[in-house]
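Only one structure is covered here, and it is reproduced in the block below.
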Amino acid sequence: MDIPHQRLVYFQVTVAAGSIRRAAARLDIAPSAVSRQISLIEEALAAPLVERTRDGVQPTPVGEMLLDYIQQREKLDQAFGEQLDAYQRLETGEIRLIIGEGFVGDLINTPLRAFREQYPGIKLKVDTGSMQCIIDSVVEDEADIGLMYHERVHPQLRFWHSSPQPLVALMSPEHPLAGGHHALTLEEVAAHPLALWGPGHGVRQLMDDGFNDAGVRPQTVVQTNSMEVLKQAARSHLCITLLPAFAAARELSEGVLVARGVEYSTFREARAHIITRVGRRMPRASLQLLRHLECWITSFRCPDA
């Protein structure tokens with residue numbers, strides 16, 4: 001039903017006033033103008049809205065239905081206004097994030113915790129995925145914000161901020177390579193059994209490119225899609241794994257894993273990125289979370305390798 005709001009107001013005031021003349025006086029317009037607006041509504045509905053009595057006018061059954069509709073619309077308008085006001089004050093809403101598994105611990109404990117304390121009404125939906133999954137989710141608007149490791153150029157991605165996070169070799173303190181201080185060569189790494197991500201993972205792609213450039217073939221003894229499996233394999237003295245050090249920050253601080261740098265430029269220059277889709281209009285809550293994430297990733301430092 002496409003009836004101008006002001007026209008409905010004329011009808012509502014007329015019924016409340018009890019006559020067209022008194023309604024015109026309240027609205028400060030001519031009685032003929034009020035009568036004309038009501039007639040236009042009656043034409044649109046193909047039904048009379050008021051009937052004249054000795055004391056003025058009163059609504060017909062259709063007029064009563066229209067009054068009920070107007071009141072329901074006013075309630076909806078009021079409820080929408082309240083919801084919009086709460087949304088703009090960052091009291092309600094939902095933000096969807098898609099992140100690499102290695103970010104989980106530090107992300108939850110630092111920026112997301114601080115954001116939730118400041119905006120407790122905002123719901124956060126956090127999923128994990130591979131680099132390609134993160135890219136697809138952001139590009140297809142299934143996620144508002146992505147956090148990924150190792151840059152992949154994409155015309156639909158906006159990189160808000162990045163943090164240097166070198167790829168390092170992680171191993172048990174008892175491993176033969178654990179006691180050195182120089183950066184390991186890819187030949188040294190490839191000479192020992194390795195636990196690696198499965199094909200298609202961003203870190204695995206980075207490793208494959210490095211080993212191919214060096215002309216060496218790694219001894220892959222464990223292949224998985226789980227970061228926990230990679231870390232446990234390294235802890236058990238079974239093999240070495242390659243990860244950014246932040247992904248094993250707790251294990252490194254506890255001394256159950258040792259990190260050694262790797263002498264390969266692409267590994268040293270790897271970075272963590274905050275991404276959104278190019279052209280996406282970010283709600284205020286998402287922009288506030290982006291600011292929290294930018295502050296966090298600026299100070300986000302991996303343990304020394």
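The values are calculated or read from the model by the stated rules, or taken from the named source; none is laboratory data. Computed from a predicted structure; not experimentally measured. Positions of Cβ are generated from backbone atoms using ideal geometry, with glycine treated the same way; all protein chains shown enter the neighbour counts. Remember, those area values only see protein heavy atoms, side chains included, never the ligands or the DNA or RNA. Shrake-Rupley method; radii C 1.70, N 1.55, O 1.52, S 1.80 Å.
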Accessible area of the chain divided out per residue, in Å², using a probe of 1.4 angstrom: 52 Å²
Part-to-part distance (alpha-carbon centres) for the range 254-296 and the range 33-58, which is given in Å: 65 Å
Relative contact order of the chain, pairs being alpha-carbon contacts under 8 Å that are 6 or more residues apart, as %: 20 percent
Relative contact order (%) - the range 111-216, alpha-carbon pairs under 8 angstrom, separation at least six: 26 percent
Heavy atoms of K231 accessible to a 1.4 Å probe, total area in Å² rounded to 10: 20 Å²
Potential extension, L177-V9 segment - 0.36 nm per residue separation minus Cα distance: 52.3 nm
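Please compute the net charge surrounding W160, taking Lys and Arg as +1 and Asp and Glu as -1 over other residues with Cβ under 14 Å from its Cβ.
Value of the local net charge: +2.
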Most fluctuating residue given options P199, P218, P111, as computed from a GNM of the chain linking Cα atoms under 10 Å: P199
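Roughly how big is the chain's charge dipole about its Cα centre, with Cβ charges of +1 (Lys, Arg) and -1 (Asp, Glu), in debye to the nearest 20? Walk me through the numbers on the way to the answer.
On the way: 31 positive and 37 negative charges, 169 e Å.
Result for the chain is approximately 820 debye, rounded to the nearest 20.
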Candidates D144, D127, D77, ranked by Gaussian network fluctuation over the chain, Cα under 10 Å, top entry: D77
Carbon plus sulfur fraction of accessible area for the range 188-305, probe 1.4 Å, in percent: 47 percent
Most mobile of A16, A178, A249 in a GNM of the chain (Cα contacts under 10 Å): A16
Label-point separation in nm, H154 to R113, each point 7 Å along Cα→Cβ: 3.0 nm
Gain upon complete extension [E64, N212; 0.36 nm per residue less C-alpha separation]: 45.3 nm
